[in-house]
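Please read the structure below before turning to the comments.
The values are calculated or read from the model by the stated rules, or taken from the named source; none is laboratory data. This one's a predicted model, so the numbers in the text were calculated from it and none came from an experiment. As a convention, Cβ positions derive from the backbone with ideal geometry for all residues, glycine included, and neighbour counts pool all protein chains shown.
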Amino acid sequence: MGEHGEKLNALLQSRHAPLQSRYDEAMTTSSSSDKEYGQNNIRLEAGDPAPAFTLFNDAEEQVSLSDYAGKPVLIYFYPRANTPGCTTEACDFRDESAALNNAGIPVVGISPDKPAKLAKFREDHGLNFTLLSDPDKETMTAFGAFGEKKNYGKIVQGVIRSTFLVNADGEIEKAWYNVRAKGHVQRVLRDLGVESQASES
């Protein structure tokens with residue numbers, strides 16, 4: 001990780017107290033039928049330290065948030081590789097990766113899928129950005145991308161499709177929760193002021 005990675009980890013640890021308090025409260029609050037679904041889910045806000053993680057990629061190599069210390073990174077969470085919505089979103093990120101990379105913003109996709117399934121996902125669709133495996137959903141939960149959500153009218157526990165821009169200081173700069181797969185990448189580009197390059201390829 002090097003000196004930058006060690007400094008970022010130290011920074012995150014020293015600043016996680018308020019976030020950890022909110023996380024603990026969310027995890028211990030009892031739910032009842034008259035409460036709005038999802039109110040127990042943690043929600044990161046601009047200025048919060050991004051939760052640290054170390055996960056395996058599709059080549060079974062470890063990748064940490066601290067690897068991106070000193071530069072912004074766009075992290076998105078999705079439910080399952082090679083399903084229609086997740087494929088649409090991934091291919092949109094693939095097609096816009098040049099625009100984001102030119103803006104100095106690499107993309108990282110995280111799902112509960114095992115590395116072997118992520119490798120097939122990459123191969124099937126020519127994905128050109130980092131894919132990470134979070135089978136225990138610990139990183140997803142820390143980011144508020146796993147918890148209560150509505151699915152066909154029922155309240156269930158599951159992956160909440162979400163995207164985060166983590167800035168060079170390791171803080172959340174923007175958070176998009178509970179997004180739709182189709183059109184989401186274009187919305188991210190607009191919000192970040194990045195011009196689309198998909199039509200130029």
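Of note:
- Members of segment 147-170 that are modelled with pLDDT of 95 or more, within 16 Å of Cys86 (Cβ to Cβ) and in a strand (DSSP E or B): Val159, Ser162, Thr163
- Criterion applied to Pro112, Pro135 was being closer than 24 Å to Arg180 by Cα, surrounded by fewer than 21 Cβ atoms within 10 Å (Cβ to Cβ) and within 12 Å of the chain's Cα centre (by Cα), and the one residue passing it is Pro112.
- Failed condition for Ser196, given (1) outside any loop (DSSP other than H, G, I, E, B); (2) surrounded by fewer than 19 Cβ atoms within 10 Å (Cβ to Cβ): (1)
Okay, residues lined up against (1) surrounded by 18 or more Cβ atoms within 10 Å (Cβ to Cβ); (2) among the hydroxyl-bearing types (Ser, Thr, Tyr); (3) free of Cβ contacts under 8 Å to residues at least 60 places away in the same chain:
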| residue | (1), (2), (3) |
| --- | --- |
| Glu96 | yes, no, no |
| Ala99 | yes, no, no |
| Leu118 | yes, no, no |
| Asp124 | no, no, yes |
| Thr130 | yes, yes, no |
| Ala142 | yes, no, no |
| Gly147 | yes, no, no |
| Ile160 | yes, no, no |
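- Selection status of Asp67, more than 20 Å from Phe143 (Cα to Cα), charged (D, E, K, R) and not in a strand (DSSP E or B): no
- Among (1) part of a loop (DSSP other than H, G, I, E, B); (2) closer than 21 Å to Tyr68 by Cα, the one test that Val188 misses: (1)
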